[in-house]
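A short worksheet on the structure shown next.
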Amino acid sequence: MNPQIILKQGREKSVLQRHPWIFSGAIQNVNGNPGSGDTVDVISSSGQWLCYAAFSPISQIRARVWSWVKDDRVDEKFLERRINQSIKLRRDLELNKKTDAIRLVHGESDGLPGLIMDQYGEIVVIQSLSAGVDKWKKVITNITCKATGAATIYERSDVDVRKLEGLSEESGLLAGQHPAGEITINENNIRCLVDVQKGQKTGFYLDQRDNRLLSGRMAHGRTVLNCFSYSGGFSLHAIAGGAESVLSIDSSSEAMAMAKRNLELNDLPSNRAEWMEEDVFQALRGLRDRGRSYDMIILDPPKFAPTAAHVAKAARAYKDINLLAFKLLKPGGLLFTFSCSGGINSDLFQKIVAGAALDANVDARIVQWMNQSADHPVLLSFPEGYYLKGLVCEVN
Ligand code: SAH
């Protein structure tokens, strides 16, 4: 029999609505001394069985739900079914016709809380963000080898948020051959280097795939400013799409160096690319002071508000860069502006951008709403899974 979590009276509501997180404050009692990542039964105060979940003794999110089906058993077969279902969804989406870099598993939204799995050609990168996934890591690795046939399974669980789960940062080879340096992926006919060992996140920002494509289509003949450019994804698409010039700004020297190599890799004209290794907040002020202006500006900052607690400060930071960007746009210019903060929902983001336009004294209209790509699905009962939102705004 599994250890049990007994909820406080009334706290079964969100579980019945199939939200996959059980917070420590909702728990009345823990029976049976479960260890980190162990499967527990979750029971309401009136004794009703609710779900199976993975226990995390230190985290505020004390348990993450594996299944709401009593007949399920959380074992190798269960995980294999879930992983295969996730991979099948990506096949059905036919993403492989556009790219060989795909998110295979997107955590809670794929019924695998805390598990991220990204495929880059022959390499699959696994990131574990929860005690439950850590517990089953070996099993998950074996299933992934079988399901993907990948030559390399590599771990990139070297992220801060693991501290909240009481887990240490880990990275390294899980199975197969050690990755031999950078690999080249293809995204909508643009080639890009990915370093799964040292790159940011698991190596690449797959969630922006569709938006990079859109920016490329709208860049023709424009002067472009790409802020927070990382390895140059948006810049490459813009130049390939016929942009007159692209200035890329990022504070990471490694990212900037890789972006330059990516330009060469695609045989794109280097005289249309400019690079600036600088803090974007400062760089935008500098460009404003020098009277520069652009036909298209992309703002893809890192997560300013990882949780609801950071919202007020993050909102100011988003407003600051959007205001500066509006001021730097020429009449008829386009702003591609994004937020990947879970704590900032799309309504709030739109309000922040509207406030920035107002303070910049420009009239702007939304031409298109942008989202995370389809290999980052959102479980209906877990709206937190919808984290990347963006707007294309045209100024008068
Ligand atoms: N648009 C990119 C992903 C951007 S990720 C793509 O399509 O791949 C965010 C980037 O912002 C990272 O490369 C990080 O190095 C950079 N960054 C974070 N804070 C910054 C700052 N204050 N100024 C400049 N760059 C910053």
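The values are calculated or read from the model by the stated rules, or taken from the named source; none is laboratory data. Small disclaimer: the values here were computed from a predicted structure and weren't measured. No Cβ is skipped: glycine too gets one built from the backbone with ideal geometry, and neighbour counts run over all protein chains shown. Just the protein is used for accessible areas: all its heavy atoms, side chains included, with ligands, DNA and RNA removed. Shrake-Rupley method; radii C 1.70, N 1.55, O 1.52, S 1.80 Å.
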Inset, instruction - Give me the distance between the Cα centres of region 136-166 and region 190-257, rounded to whole Å. - result: 27 Å
Inset, instruction - Determine the calculated [θ] at 222 nm for the chain from helices alone, applying -39500 (n - 2.57) to every DSSP H run no shorter than 4 residues and normalising by the residue count; nearest 500 deg cm²/dmol. - result: -8500 deg cm²/dmol
Legend entry - Cα-centre dipole for the chain with unit charges at Cβ (Lys and Arg positive, Asp and Glu negative), debye to 20: 700 debye
Inset, instruction - Express the carbon and sulfur contribution to the solvent-accessible surface of region 4-67 as a percent, rounded to the nearest whole number, probe 1.4 angstrom. - result: 44 percent
Legend entry - DSSP H segments from the chain that extend 15 Å or more along their own axis, Cα-based, with Kyte-Doolittle mean of -0.5 or above: 137-148, 253-265, 311-328, 346-360
Legend entry - Estimated distance in nm for a label pair at HIS178 and LYS138, the labels positioned 7 Å out from Cα along Cα-to-Cβ: 2.3 nm
Legend entry - Rounded if a/c under 1.5, otherwise prolate or oblate - region 4-67, Cα gyration tensor axes: rounded
Inset, instruction - Starting from the Cα-Cα distance between LYS8 and LYS97, subtract it from 0.36 nm times their residue separation and give me the gain in nm to one decimal. - result: 27.1 nm
Legend entry - Set LYS135/LYS303; LYS135/LYS163; LYS198/LYS260 screened for pairs whose C-alpha atoms are more than 21 Å apart: LYS135/LYS303
Legend entry - Dipole magnitude (debye, nearest 20) for region 4-67, charges at Cβ of Lys, Arg, Asp, Glu: 220 debye
Legend entry - Relative contact order (percent, whole number), region 205-395, Cα cutoff 8 Å, 6+ residue spacing: 20 percent
Inset, instruction - Just name one of GLN9, PRO57, ASN33: the one whose Cα is farthest towards the positive end of the charge dipole of region 4-67 (beta-carbon charges, Lys/Arg +1, Asp/Glu -1). - result: GLN9
Legend entry - Net length gained if the chain between ASP72 and GLN368 were fully extended (0.36 nm per residue, minus Cα distance): 102.3 nm
Legend entry - Heavy atoms of HIS220 accessible to a 1.4 Å probe, total area in Å² rounded to 10: 140 Å²
Legend entry - Carbon plus sulfur fraction of accessible area for region 270-342, probe 1.4 Å, in percent: 49 percent
Legend entry - For region 76-183: relative contact order, % (alpha-carbon pairs under 8 angstrom, 6 or more apart): 19 percent
Legend entry - region 205-395, accessible area per residue, ligands and nucleic acids excluded (1.4 Å, Å²): 42 Å²
Inset, instruction - Between ASP267 and ASN189, with labels modelled 7 Å along Cα→Cβ, what's the label distance in nm to one decimal, could you check? - result: 1.3 nm
Inset, instruction - Could you calculate the contour length gain from ARG292 to ASN31, that is, 0.36 nm times the residue separation minus the distance between their Cα atoms, to one decimal place in nm? - result: 87.5 nm
Legend entry - Estimated distance in nm for a label pair at LYS260 and ASP279, the labels positioned 7 Å out from Cα along Cα-to-Cβ: 2.3 nm
Inset, instruction - Would you mind getting the accessible area per residue of region 76-183, heavy atoms of the protein chains only, 1.4 Å probe, in Å²? - result: 44 Å²
Legend entry - Phi to ³J(HN,Hα) by Karplus 6.51 cos²θ - 1.76 cosθ + 1.60 over region 184-195, Hz, x for Gly, Pro: 10, 10, 10, 10, 6, 6, 10, 8, 9, 7, 10, 10
